[in-house]
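The values are calculated or read from the model by the stated rules, or taken from the named source; none is laboratory data. Owing to the predicted nature of the structure, the values given are computational and were not obtained by experimental measurement. Every residue, glycine among them, receives a Cβ derived from its backbone with ideal geometry; neighbour counts consider all protein chains shown. Areas reflect the complete protein model, heavy atoms only, side chains present, ligands, DNA and RNA absent. Shrake-Rupley method; radii C 1.70, N 1.55, O 1.52, S 1.80 Å.
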Amino acid sequence: MTGATERMTGAQAFIECLKKEDVEVMFGYPGGVLLPIYDALYDADVRHILVRHEQAAAHAADGYARATGKTGVCLATSGPGATNLVTGIATAYMDSVPMVAFTGQVPSFMLGNDAFQEADITGITLPITKHNYLVPSADELPRIIKEAFHIASTGRQGPVLVDMPKDVTTDELDFSYPDKVELRGYKPTFKANILQIKKAAEEISRSVTPVIYAGGGVISSNGSSELLAFAEKIMAPVTNTLTGIGSFPGKHPLSLGMLGMHGTKYANYAVQECDLLIAVGARFDDRVTGKIESFAPNARIIHIDIDPAEISKNVRVDLPIVGDAKGTLANLTKYSKQCKSEDWIKKISEWKVKYPLHYINSDEVIKPQYILEQIHAACEDAIIVTEVGQHQMWAAQYFSFKEPRTFITSGGLGTMGYGFPAAMGAKVGRPDKVVFNIAGDGSFQMSSQELATVVENDIPVIVAVFNNGFLGMVRQWQELFFDHRYSHTCISGSVDFVKLAEAYGALGLRATKPSEVRPVIDEAIASGRPTVIDFVIEREENVSPMVPAGAAINEIMDLEVK
Amino acid sequence: MRHTLAVLVENKSGVLARVAGLFSRRGYNIDSLAVGVTEDPTISRMTIVVRGDDHVLEQVTKQLNKLIDVIRVTDLSAEESVERELALIKVTVDANNRSEIIQIADIFRARIIDVAAKSITIEVTGNEDKILGIEQLLRPFGIKEMVRTGKIALTRGGKSV
């Protein structure tokens, strides 16, 4: 504990703790049991953004965290406020995003009595938080908040929830903020074992067809430049998972793009033919591996991960290295030599020419891939946030990312409605960047109420609605596997997105022809205002190529082009 | 394959729910779970008997270690250890078979802890086979009620987990 203490209420201590943690913004929504906290916020020097639905507060904190690398903070009241955070917390948990979610709770003496707006949020979030707390007394609030931020932002990052009964916020305490945390059950391994690194270097020296498979862990550990140096030194091609996109420059000659269900053919072929697969900060998700027994059948597998529980969870690993991606890659680069991979690199270059990502453009109807190419041409440094569905896959395929933290998407949980509030959070954290939310007409309608928030707080994000009048990804599966029976996936004519934007005071634009695509993009960027662009696109365009569910990833097929 | 895990955890409310929840949501099977405070009042010790192959055991151990409130996980199956379980068994008796039942209890070095006109309650301590053995012998008389603690275990010798 630091020396001097000051007498204050729990609510005031809450504000002081946030200041000590350098929290520059939080996203929240008030409620009955949060009145003392919001009263303390009234004249506190901490930025608070009032959302229109608590789920958006969690997603915004998540988007802020992914865009900046700092811990995102959200705040909601007890009961329904807290349960509305759940989807956002689960989203952050699946993608290992550092977040601290604060919830109000009924007073301690009412706990368990089914009081008004009571929900057992620590119980509810047990499986979707890295850890959570029900604060027992005001005295313990500073230590718990210190621990919450520490746990959220270290090791394998993730969301931590702190539930604060009302009396904890009104009772007084002698405030002092702890300097360090003492958690005997929590000591994540950062520094990899040097013997394992040397063994890995030996494996690498023997490989002639290596592939690096890099995931979101590289971005979490800020290890992108180490990844680049490592790949260039050993001369191995790099494929990214969905959440790993941005960790390796998309236009680099060694880049294979994304792998898996909607990955590039050459990434999938390379993984299936490689003799050594070096997984870094990735977790062998089923959308990546396809049929797991057939995944990388000829490869020795090195798995670098900060979470020991990920090692050999889904696939047998030959050489585990537990440690953070950045430091481990730097060390591995030091000990490794270049692979004899010239022929392999040549073969991959030939695949890239023979099996490129492709689509057939049109002069009459807007193709979704074309929009992404035009956004890239207009603003290649933009932060691209997505919702979930076809547009998400097209964004992963057709926007070439140069830098980490510029592609933000719900990978693990696949949360529709994530993109718009996450884009808002990203823009708040990176006001210097142009931020696009690539959305489907389905997904955007799950969070469109946040137009009020972005207009009120002047957060100029651009929502590009890929409007095909369908819940497109499900429709695609219905087309392919359910005999074109489009059960409840047609949502055409649900709303006029331009008028919707205007109703909230945002700029609404529309493009119905390919020739209008670039002008509306330029107009949106130039306006500096929150903008919704309604791109009326080809209705039944499919995401291609595709690995059918349950198939090996080299059984990737082109879908019929419309 | 069954494994006995000694799990040292923070002695706080909610820890049992975290551990039990982990087992159920990841589909691991618990045969028994016994928990109590240790020589250090801030630490509780759980003895968990889990069923599964080496891969399952590795995952269980790693996932338990990820819980912030879990301090240490030790696989006692891999160590030399002593194991005990306690059971209380209430058996139906009458004047004709009372002495036979008492004799069975004696053979198992069990204790009679309650006697009534129509029942006897027996306390027996031992490994799983022993508990199973006395249960099988008493069953024909009619077991009215039975409770078991689940296995607890310590390493042999001076070493601790």
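The value of relative contact order for chain A, using C-alpha pairs under 8 Å at least six residues apart, is 14 percent. Taking the chain by itself as reference, the stretch A:129-175 contains these residues with an accessible-area loss of 40 Å² or more in the full protein complex (1.4 Å probe, heavy atoms): A:His131.
Taking a Cβ cut-off of under 14 Å around A:Gly155, the surrounding Lys, Arg, Asp and Glu residues balance to a net charge of +2, with basic ones at +1 and acidic ones at -1. In the stretch B:66-89, the residues whose accessible area drops by at least 30 square angstrom when the other protein chains are added to the isolated chain are B:Lys66, B:Ile68, B:Ile71; the probe is 1.4 Å and only protein heavy atoms count. Beyond 22 Å, the tail of the calculated P(r) for the stretch A:87-210 holds 50 percent of the Cα pairs. Spherically averaged projected area of the convex hull of Cα atoms, the stretch A:144-280: 12.3 nm². For the stretch B:150-156, the Karplus equation 6.51 cos²θ - 1.76 cosθ + 1.60, evaluated at θ = phi - 60°, returns couplings of x, 6, 10, 8, 9, 6, 6 Hz by residue, with Gly and Pro reported as x.
From a point 7 Å beyond the Cα of A:Ala330 in the direction of its Cβ, which residues of the stretch A:212-226 have a backbone N at a distance under 17 Å? Only A:218-226 pass the distance filter.
Rounded to whole numbers, the Karplus 3J(HN,Hα) couplings from phi for the stretch B:119-134 are 8, 10, 10, 10, 9, 10, 10, x, 7, 4, 4, 5, 4, 4, x, 5 Hz, using 6.51 cos²θ - 1.76 cosθ + 1.60 with θ = phi - 60°, and x at Gly and Pro.
In this simple spin-label approximation, A:Lys337 and A:His252 carry label points 7 Å from Cα along the Cα→Cβ vector, and these lie 2.3 nm apart. Placing pseudo-labels 7 Å out from each Cα toward the beta carbon at B:Arg72 and B:Thr125 gives an inter-label distance of 2.4 nm. For A:Lys367, a cut-off of 20 angstrom between C-alpha atoms picks up these lysines, skipping any fewer than 8 places away in its own chain: A:Lys513, A:Lys562. Interface residues of the stretch A:176-191, defined as a loss of at least 50 Å² in heavy-atom accessible area between the chain alone and the complex of all protein chains with a 1.4 Å probe, are A:Arg184, A:Gly185. Partner shielding of B:53-61 amounts to 2, given as the average count of beta-carbon atoms from other chains within 10 Å of each residue beta-carbon. Rounded to the nearest 0.05, the FRET efficiency derived from the C-beta distance between B:Val115 and B:Ile30 at R0 = 41 Å is 0.75.
What a 1.4 Å probe finds exposed on the protein assembly as shown is 51% carbon and sulfur by accessible area, rounded to a whole percent.
Of all beta bridges that DSSP places with both ends in chain A, some 10 percent have antiparallel geometry.
What residues of the stretch B:1-20 lie in the reach of a label at A:Asp120, counting those whose backbone N is under 17 Å from a point 7 Å from the Cα along Cα→Cβ? From the stretch B:1-20, the list is B:12-20.
Above 41 angstrom, tally the Cα pairs of chain A and express them as a % of all pairs, no decimals. Above the 41 Å cut-off, chain A has 25 percent of its Cα pairs. Sorting the segments A:444-450, A:183-189, B:114-120 by their mean number of nearby beta carbons within 10 angstrom, highest to lowest, gives A:444-450, A:183-189, B:114-120. Residue-wise HN-Hα couplings along the stretch A:310-327, as the Karplus relation 6.51 cos²θ - 1.76 cosθ + 1.60 with θ = phi - 60° gives them from phi, are 7, 5, 6, 6, 9, 10, 5, 10, 7, 9, x, 10, 8, x, 7, 4, 4, x Hz; Gly and Pro carry x. Along its three principal directions, the equivalent ellipsoid of the stretch B:48-161 from the Cα gyration tensor extends over semi-axes of 37, 14, 12 Å, largest first.
For the pair A and B, the buried accessible area comes to roughly 1500 Å² in total, with a 1.4 Å probe and the value rounded to the nearest 100. Between A:His48 and A:Met26, the built amide H atoms are under 5 Å apart, and every one of these is 5 or more places off in sequence or on another chain.
In chain A, helical runs assigned H by DSSP with n ≥ 4 each contribute -39500 (n - 2.57); averaged across all residues and rounded to the nearest 500, the mean residue ellipticity at 222 nm is -10500 deg cm²/dmol. Between the amide H of A:Phe470 and those of A:Ile491, distances stay under 5 Å, these residues lying 5 or more places away or on another chain, with hydrogens modeled in the peptide plane. Among residues other than A:Asp381 with Cβ under 12 Å from its Cβ, the summed charge is +1 (Lys and Arg +1, Asp and Glu -1).
Each Lys or Arg adds one and each Asp or Glu subtracts one; over the other residues with Cβ under 13 Å from the Cβ of A:Asp120, this totals -3.
Taking amide H as placed 1.01 Å from N in the peptide plane, A:Arg510 has its amide H under 5 Å from the amide H of A:Asp534, each at least 5 places away in sequence or on another chain. With the simple model of a label 7 Å out from the Cα in the direction of the Cβ, A:Asp45 to A:Ala4 spans 1.5 nm.
Looking at the protein assembly as shown, the accessible area is 41 square angstrom per residue; that uses a 1.4 Å probe and ignores ligands, DNA and RNA. Cα-Cα over 21 Å: which of A:Lys199/A:Lys347; A:Lys199/A:Lys291; B:Lys90/B:Lys130; A:Lys198/A:Lys352; A:Lys265/A:Lys313; A:Lys340/A:Lys402? Listed pairs above 21 Å: A:Lys199/A:Lys347; A:Lys199/A:Lys291; A:Lys198/A:Lys352; A:Lys265/A:Lys313; A:Lys340/A:Lys402.
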